[in-house]
Each structure stands twice: as structure tokens, then as C-alpha cells.
Amino acid sequence: MFVNMTRKQFLRDALEQLEAHTGVPGVITEPKTSDTDGLLTFRYDGRTQKTHLVVRRFVHPAQLADIQRLTERYAPLLVVAEHIQPKVKEWLRLGGVAYLESDGNLYYRGTGILLWIERQRKGTTKVTREKTGRAFTKTGLRLVFHLLQEPALLDLTYREIAKRTGVVFGNINVVFNDLKQQGFLLELERNRIALHHRQALLERWVVGYEEKLKPSLKLGTFRFLKEEDMLNWKRIELQHDKTWWGSEPAADLLTNRLKPGLFTLYTLETRQELMRNYRLLPDEKGPVTAYGKFWQTEGADERVVPPLLVYTDLINTGDRRCMDIAKTVYEQYLQDGL
């Protein structure tokens with residue numbers, strides 16, 4: 001439920017905007033499935049249009065995989081939201097997914113119809129940011145990352161969890177209490193707890209990582225000394241247990257389906273060591289970006305970061321090519337655990 005507003009109220013407000021800007025009145029009927037929020041029916045130019053509705057407060061790249069799965073089951077689909085990031089709108093349009101923002105911005109392609117309204121938000125327009133809490137601070141995000149990968153950690157003592165995740169002992173209870181308050185931890189019998197709403201937690205983590213944790217990990221941007229090094233990147237011998245491929249090169253190693261355009265490294269090495277060991281030169285516009293390692297778990301391949309991080313970085317690119325591969329990574333390495 002949105003702050004101070006139910007989904008039904010939010011839908012009504014959005015449809016009022018639709019009618020105000022297009023002259024098209026719509027009728028909403030109750031959903032036939034718990035996965036959607038209703039069915040919208042309207043007439044335009046003598047044709048009846050029907051589309052399934054999905055309501056989200058904000059739409060981030062992290063939610064696109066879920067939206068794509070819904071599209072495959074409930075086509076056509078209209079996403080109604082308070083705000084949708086511009087790169088996400090582009091992805092939705094390319095995928096044939098309709099959207100409607102609360103201020104009237106609209107994209108809808110149906111039988112014999114194309115409605116596309118893109119009004120610039122005025123300077124006075126405010127988009128309320130989602131409340132995050134202690135679970136989605138830099139420290140909390142580190143812990144949530146490990147919980148998503150290994151829910152069995154919840155059966156351990158706080159001291160054992162601290163040892164396994166690298167998160168300071170005193171912060172664990174604070175993060176857990178916030179996760180409980182937000183509905184992501186469920187209390188069971190005999191003082192046991194379990195992850196709840198894992199898919200929603202994954203989406204929150206992907207957004208939080210990009211906005212809060214990842215920027216603090218950045219070590220620098222580089223270019224290869226020679227172009228042949230970029231073309232033959234798979235031959236580069238990374239320092240074992242010190243440096244790993246992430247994002248696009250990691251996805252290619254896992255799926256063999258993505259030719260990297262940008263290169264991401266996660267490492268325990270210093271900038272100087274990276275430059276010396278991999279023949280890199282500092283370049284703010286270079287194709288190689290290095291970040292510090294923040295996790296304790298193993299990847300699916302000794303050369304790559306854990307699949308959850310590969311998926312996250314691909315989704316956050318906003319690039320359709322990368323997000324399509326992110327879906328493959330999700331299905332092959334993450335789906336069974338979420």
C-alpha cells in the first residue's frame with residue numbers, strides 16, 4: 001500500500017489524469033489474479049481496448065525482470081506508477097509494455113492505436129522517495145546481500161553471522177529489527193526467523209546497491225594499455241582470490257551470450273596493483289571500472305563475482321541487451337532461491 005493512499009485510490013487518480021490529457025475515460029474491473037491490480041477497459045476511435053493493470057509506486061530497473069515475467073503471462077499490460085525512471089520507460093516502450101504515470105505521462109500501443117504523452121515535470125513537482133531504513137544503509141545492504149544468497153544464515157548466532165558476512169556484530173540486530181518492521185523477516189516458532197517477500201527484498205537491494213553502496217566502492221576508471229588487451233580480455237589472468245570480473249564480462253563467462261562493451265572489476269588489489277597487473281591506465285572515460293570487494297561468499301566461477309551481483313549490475317545498466325542477459329542469469333542461478 002502506498003503512503004496515505006490505497007492502490008485503488010492511486011489508480012483512480014491516475015485514470016483521472018488519463019482522461020484529462022486524452023479525453024479517454026476508462027473503467028476498471030477487479031483483477032482475476034493476485035499478480036495484477038485490475039483490468040482497464042476504454043474505447044478510443046471506435047475500438048475497445050482492454051489491458052491488465054499493475055500498480056507500482058516507483059519503477060526502477062530492478063523491477064523490470066518481474067514486469068517482463070508478468071507481461072509474458074498477462075498481455076497486454078499497463079504499468080501505473082507515481083514515477084518511472086526515463087531509461088526504464090525506454091525499456092518498457094521497446095518491449096511493448098504500456099505505462100501511465102500519476103502526472104499523466106503515458107505510453108500505450110494497442111489495436112489501431114498509439115497514445116504517447118511525455119510532459120516535462122515542472123520544477124515544483126516533487127517525487128517522494130521511498131523510505132529505506134537501517135536495512136538499506138551501506139552496512140545493511142552488505143548484510144542483505146548475504147541473506148539473499150544464503151538464507152540459512154538466519155539459523156546462526158549473531159556472532160557467527162558477523163564472521164560469515166564481515167558485518168560488525170553490533171549492527172546485525174539493528175538491521176534485523178528494521179527488516180522485521182518492513183516485513184522482510186518473519187518470526188517463526190522457537191525464536192527462529194525466515195526471509196519473507198524475497199522478490200521484493202531483491203528489488204529493494206538492487207536499487208539500494210546502485211544508489212548507496214556501489215558509489216562508495218569505486219576505486220577508479222581505466223583504459224587498457226593496448227586495444228588487443230580489450231579484445232582478448234578472457235586471456236587476462238586475474239589474481240586468484242583478489243580480483244573478479246563483474247557485470248558484462250562476468251555475464252559472458254556465465255552465459256557465453258554477451259560481448260562486453262564495458263568492463264567491471266571487483267577487487268582487493270590497490271589502484272597501483274591493478275594498473276601494474278592488468279596493464280591499465282587511468283582514464284575517466286575508459287571502459288574499465290574497478291570497485292572494492294564487499295562480500296564473503298563464493299561465485300559460480302572463480303573468475304566472476306556471485307551471480308546476484310552480476311544480475312544487479314546488469315539490471316542497473318538500463319541497457320536492454322544487458323537486462324535480457326540479466327534474465328538468463330536470474331533463471332539459471334537465482335530463481336530457485338527466491
Restricting the stretch 294-310 to residues that are under 13 Å from Trp245 (Cβ atoms) and surrounded by fewer than 19 Cβ atoms within 10 Å (Cβ to Cβ), the residue that is modelled with the highest pLDDT: Arg303
Residue check, Ile28 touching a strand residue (DSSP E or B) at 6+ places or on another chain (Cβ under 8 Å) and under 22 Å from Gly208 (Cα atoms): no
Subset of the stretch 1-50 that is touching a residue at least 40 places away in the same chain (Cβ under 8 Å), more than 18 Å from Asp103 (Cβ to Cβ) and more than 25 Å from the chain's Cα centre (by Cα) - its residue that is surrounded by the most Cβ atoms within 10 Å (Cβ to Cβ): Gln49
Matching residues, the stretch 212-234, being out of contact with any Phe, Trp or Tyr (no Cβ under 6 Å at 6 or more places or on another chain), in a helix (DSSP H, G or I) and of a type outside the set (D, E, K, R): Leu213, Pro215, Ser216, Leu231, Trp233
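Does Asn316 fit the bill of being surrounded by 15 or more Cβ atoms within 10 Å (Cβ to Cβ) and under 22 Å from Thr139 (Cβ atoms)?
Criteria met by Asn316.
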Residue ID - surrounded by the fewest Cβ atoms within 10 Å (Cβ to Cβ), chosen from residues in the stretch 320-338 that are over 15 Å from Arg198 (Cβ atoms) and either without any contact (Cβ under 8 Å) to a residue 40 or more places away in the chain or touching a Lys or Arg at 6+ places or on another chain (Cβ under 8 Å) (or both): Glu331
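What residue, of Asp324, Asp301, Asp283, is farther than 27 Å from Ala162 by Cβ, charged (D, E, K, R) and touching a helix residue (DSSP H, G or I) at 6+ places or on another chain (Cβ under 8 Å)?
On the way: Asp324 fails: touching a helix residue (DSSP H, G or I) at 6+ places or on another chain (Cβ under 8 Å); Asp283 fails: touching a helix residue (DSSP H, G or I) at 6+ places or on another chain (Cβ under 8 Å).
The match here is Asp301.
Of all residues in the stretch 182-211 being basic (Lys, Arg) and part of a helix (DSSP H, G or I), which is farthest from the chain's Cα centre (by Cα)? Step through it out loud before you land on a result.
Looking only at the stretch 182-211, we keep the residues that are basic (Lys, Arg), and these are 190, 192, 198, 204.
Those left that are additionally part of a helix (DSSP H, G or I): 190, 198, 204.
On the way: Arg190: 34, Arg198: 13, Arg204: 7 Å.
Residue satisfying both the conditions and the ranking: Arg190.
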Identity of the residue in the stretch 246-260, under 19 Å from the mean Cα position of the chain (by Cα) and closer than 27 Å to Gln272 by Cβ, that ends up surrounded by the most Cβ atoms within 10 Å (Cβ to Cβ): Ala250
The one condition in (1) on the phi > 0 side of the Ramachandran plot; (2) of a type in the set (S, T, N, Q); (3) without any contact (Cβ under 8 Å) to a residue 24 or more places away in the chain that Asn232 fails to fulfil: (1)
Failed item, numbered, when Gly318 is tested on (1) closer than 22 Å to Ala200 by Cβ; (2) over 13 Å from the mean Cα position of the chain (by Cα); (3) in a loop (DSSP other than H, G, I, E, B); (4) not β-branched (Val, Ile, Thr): (2)
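Taking the stretch 235-266, which residues are assigned to a helix (DSSP H, G or I) and at positive phi?
At the first step, the residues of the stretch 235-266 found to be assigned to a helix (DSSP H, G or I) are 235, 247-255.
Within the stretch 235-266, Ser247 is the sole residue that qualifies.
The values are calculated or read from the model by the stated rules, or taken from the named source; none is laboratory data. Nothing here was measured: the structure is a model prediction, and the numbers come from that model. Ideal geometry is used to build each Cβ from the backbone, glycine not excepted, and the neighbour counts take in all protein chains shown.
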